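Here is the structure we will look at.
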Amino acid sequence: MFVRVAELESFTRSAEQLGVPKATLSAAIRRLEEQMGTRLLQRTTRRVQLTTDGRLCYARCQDLLADMEEFNGLFRQQGQLSGQLRVDMPGRMARHLVMPALPSFLAAHPALQLMLSSTDRRVDLVREGFDCVIRVGALEPSSLVARPLGHYRQINCASAAYLARYGTPRSLSELSGHRLVHYGSSSGPRESGFEYLQADGSRAVLAMSGALTVNDSESYLAAALAGLGIIQQPRVGVEPLLASGELVAILPKWQAPPLPIHALYAHRRQLAPRVQAFIQWLSGILASALGPDGPRDGLATRAGMDAAD
């Protein structure tokens, strides 16, 4: 209860997530503070914050809970997972890569309850109670642990109707007569322009105009299909559109840099077995689907430290 209140900074939201009355939760925290002999939470009318002693207690509680979960599973059948697992990942990854393979994973772990959130919004892993989140693209610096899972290769494409109207560009110089669909996320728009790798492997951006900016992957793809401009899109998930001719790949010599894929989770001395197992399973799914652009290694670092793109 204390850990949840510390993470959500709210007795009301914590009580809702835990399924207990707010008064019960508040009384439990008071008993914990009396037992510890110190104030752990600073309560105001607007928010709840950890005190200095509360931050120390919170870190130790995380370790204690992880140890307890490991202890509870000590004599379970090898590989058997249980409990609730909350994961957030991009919608297209969930639909095209994870969902088709998920039945076998859940069948192997019938006692596991998976809550899968699919959004392009940058969720707050700690405050929203996620065990891990999967992110595509460069990472912002944070205290989260980042485990690399692979890379998405990108392609340049546009609809057949768009190319019939504006022509098919054969070189970078011809892009001056074209439009680009711009993409912006909740963390801010990415650099406006056509990205490509130079001969020396460095990233370059060619400024391009465009009448539309979107903030989610489905709208980004829909804009291209509607003939609103060129997009730079991970190849995974659009193969059927390329095969049918609805989308046409262009400028193969000037591809955008691959997008890194990471699993992010809060720092723990012991990571829950169900989280470890899911990340390992997802790593295998991505390795199979992405081929040579699948997982490069299993090393985890602090988020943002290895996220150059």
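Brief remarks on what is shown
- Net length gained if the chain between Glu218 and Ala287 were fully extended (0.36 nm per residue, minus Cα distance): 22.5 nm
- A simple count of charges around Thr24, restricted to other residues whose Cβ falls under 12 Å of its Cβ and scoring Lys, Arg +1 and Asp, Glu -1, yields +3.
- Loop-located chymotrypsin sites (Phe, Trp or Tyr not before Pro) in the stretch 1-74 (DSSP state not H, G, I, E or B) with no more than 15 neighbouring Cβ atoms inside 10 Å do not occur.
- With all projection directions averaged, the alpha carbon convex hull of the stretch 1-75 covers 5.4 nm².
- Carbon-plus-sulfur accessible fraction, the stretch 1-75 (probe radius 1.4 Å, protein heavy atoms only): 53%.
- A crude spin-label estimate for the pair Arg30 and Lys253, with each label 7 Å from Cα along the Cβ direction, gives 7.5 nm.
- A crude spin-label estimate for the pair Thr45 and Ala59, with each label 7 Å from Cα along the Cβ direction, gives 3.4 nm.
- Against the empirical curve 2.2 N^0.38 Å, the C-alpha radius of gyration of the chain lands at a ratio of 1.19.
- Separation of alpha-carbon centers, the stretch 1-21 and the stretch 190-214, rounded to whole Å: 44 Å
- Anisotropy class of the stretch 154-249 from Cα gyration tensor, a/c 1.5 cut: rounded
- Using C-alpha pairs under 8 Å with a sequence gap of at least 6, the mean separation divided by the residue count of the stretch 56-177 gives a relative contact order of 26 percent.
- With θ taken as phi - 60° and the Karplus curve 6.51 cos²θ - 1.76 cosθ + 1.60 applied, the whole-hertz 3J(HN,Hα) list for the stretch 169-180 is x, 10, 8, 4, 5, 7, 6, 4, x, 10, 10, 10 Hz, x standing for glycine and proline.
- Accessible area (Å², per residue) of the chain, counting only protein heavy atoms and a probe of 1.4 Å: 52 Å²
- The H on the amide N of Tyr152, modeled in the peptide plane, is under 5 Å from the matching H of Leu259, Ile261, each at least 5 residues off or on a different chain.
- Karplus (6.51, -1.76, 1.60) ³J(HN,Hα), θ = phi - 60°, over the stretch 226-241, in Hz, Gly and Pro reported as x: 7, x, 8, x, 8, 10, 10, 10, x, 5, 4, x, 10, 3, x, 6
- Under-5 Å amide H pairs with Leu114, H placed in peptide plane, nonlocal only: Leu85
The values are calculated or read from the model by the stated rules, or taken from the named source; none is laboratory data. Treat the numbers as computed from the prediction; the structure is a model and nothing was measured. Quick reminder, even Gly has a Cβ in these numbers, built from the backbone with ideal geometry, and neighbours come from all protein chains shown. All accessible areas refer to the heavy atoms of the entire protein, side chains included, with ligands and DNA or RNA removed. Shrake-Rupley method; radii C 1.70, N 1.55, O 1.52, S 1.80 Å.
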